[in-house]
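Here the structure comes first, spelled out in structure tokens, and everything after it is commentary.
The values are calculated or read from the model by the stated rules, or taken from the named source; none is laboratory data. What you see is a predicted model; the values in this text were computed from it and never measured. Note that each Cβ is placed from the backbone with ideal geometry, even for glycine, and that neighbours are counted across all protein chains shown. In case anyone asks, the SASA skips ligands and DNA or RNA and just uses the protein heavy atoms, side chains included. Shrake-Rupley method; radii C 1.70, N 1.55, O 1.52, S 1.80 Å.
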Amino acid sequence: MNGVKNGSSVDSSKWRVNETPQDCGLVPSIAVSLWLGWNGIVLCLVLYAIILANSLHRTVIFGLMTLSLLLPPDFPGKAGHKLGDWIMLKAELYFGLKTIIEDEEGLLKYSEEKAIIYAFSPHDMLPFGVFAFNPILNRVPGGSTMHCLMTSAIFNIPFLKHVYTWVKAKPVDKKTFMGRLHKNKSFTFCPGGVQEVILLDPQKPDDLVLFLQNRKGFIKLALSTGSPIVPVFGFNLDGTFGYWFPKGALIEKLSRMIGFLPMIYWGRFGIPFGIPHPKKLTIVVGSPIDVPKMDEVTKEKIDEYHQLFVDELIKLFERHKHSEGYGNKRLKIA
């Protein structure tokens, strides 16, 4: 099976490693709270408005939420994006971000000609490791237009829609996906999605389950545009949150409908819906898989390149798992 740039051999001497010393002090913690703490903030505001607030406070809270929903996502424009850049730079410190780019030369070549699809795994509780692709950090080739595509549900929640837009996120719908491919604008996304959260099992901490077996839609879109796919793996996302969620077919169906899983989770200091524990993150970016452009995409080609992607992702994990302390963990494809 062909399609992997430079074949299956990997020359580690060409890897570009960039590591930031960790600082999870007050300022980086505030910045991460302004990014990942809004789930808890919005929930507290709603509960306060319903249970404790007087009529004036209730009116102000729901009025501001309504206004947020009516305003454009990037409001207030440059000021919001400057705040988003500051948040990302402080998040880099909070998580002591380390990135390993295995084939920077190949990525730079593709980024000049085409949109690159960076397929990030695992999703885990919240796939916040994708922030490594934010252009302000200058970690991964893709240009100043690099974005992360994520569940559309985020952009229907007051306040969150603005914050995630400021940190370069967009909805992961087909229109946005294809629009960026046609405009040669690179992006990252998590193909496993919310289904990977459902597959989390605290009784099996050494199993990393990726919901990829039937995730072939992005392969079809890549083939229709000839866009390269790059496997990406994030180490140490697991364990950044504690969690509990109900199990069952009804919950799975509901989560697929609304784009997220109803759950309770807690992070640093045990705060419900708070920020994650400040674990050092390592994001490894593999070599680009060269994908041909096809006028008529066949099922056979979709299956071929899907298997190629999965195989390369597994190899990427295996190459780095021991150096990242994952020697006892097993990767499973569901």
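A few remarks follow.
- Each principal axis of the Cα cloud of the stretch 171-285 was taken in turn, and the coordinate range along them, longest first, works out to 44, 35, 24 Å.
- Rounded percent of accessible protein surface that carbon and sulfur make up, the stretch 61-166, 1.4 Å probe: 63 percent
- Assuming charge only on the beta carbon of Lys and Arg (+1) and of Asp and Glu (-1), the dipole of the chain about its Cα centre is about 720 debye to the nearest 20.
- Annotation: Ile333 carries an accessible surface of approximately 60 Å², with a 1.4 Å probe and no ligand, DNA or RNA atoms counted.
- On a per residue basis, the stretch 1-156 carries 49 Å² of accessible surface, using protein heavy atoms and a 1.4 Å probe.
- Each part gets one Cα centre, and for the stretch 26-69 versus the stretch 100-119 those centres are 39 Å apart.
- Taking Asn236, Asn214, Asn39 as the candidate residues, the one with maximal mean-square fluctuation in a Gaussian network model of the chain, Cα springs under 10 Å, is Asn214.
- Look at the alpha carbon pairs under 8 Å that are at least 6 residues apart: their mean separation over the length of the stretch 141-231 gives a relative contact order of 27 percent.
- Most positive-pole-ward Cα, Ser224, Leu281, Ile271, against dipole of the stretch 222-306 from beta carbon charges: Ile271
- Each listed q (0.06, 0.10, 0.13, 0.14 Å⁻¹) maps to a log10 I(q)/I(0) for the chain, found by the Debye formula over equal Cα scatterers with no solvent: -0.21, -0.59, -1.02, -1.19.
- Of all lysines in the structure, those lying under 23 Å Cα to Cα from Lys253, and not within fewer than 8 positions of it along the same chain, are Lys174, Lys216, Lys332.
- Semi-axis lengths, largest first, of the ellipsoid equivalent to the stretch 123-231 are 23, 18, 14 Å, with √(5λ) applied to each eigenvalue of the Cα gyration tensor.
- Value of D in µm² per second that Stokes-Einstein yields for the stretch 11-105, Kirkwood Rh from Cα pairs, at 37 °C (0.692 mPa s): 200 µm²/s
- Taking the stretch 180-247 and dividing mean pair separation by its residue count, relative contact order in percent (alpha carbons under 8 Å, at least six apart): 30 percent
- Signed unit charges on C-beta, dipole axis of the stretch 1-156, positive-most listed residue His123, Val27, Tyr94: Val27
- Across the chain, the mean sequence separation of Cα contacts (distance under 8 Å, 6 or more residues apart), normalised by length, yields a relative contact order of 23 percent.
- For the stretch 61-146, a Kirkwood radius taken over Cα pairs fed into Stokes-Einstein (4 °C, viscosity 1.567 mPa s) yields D = 84 µm²/s.
- Here is the list for the stretch 100-196: trypsin sites (Lys or Arg not before Pro) lying in DSSP coil, each with at most 13 other C-beta atoms within 10 angstrom of its C-beta, are Lys183.
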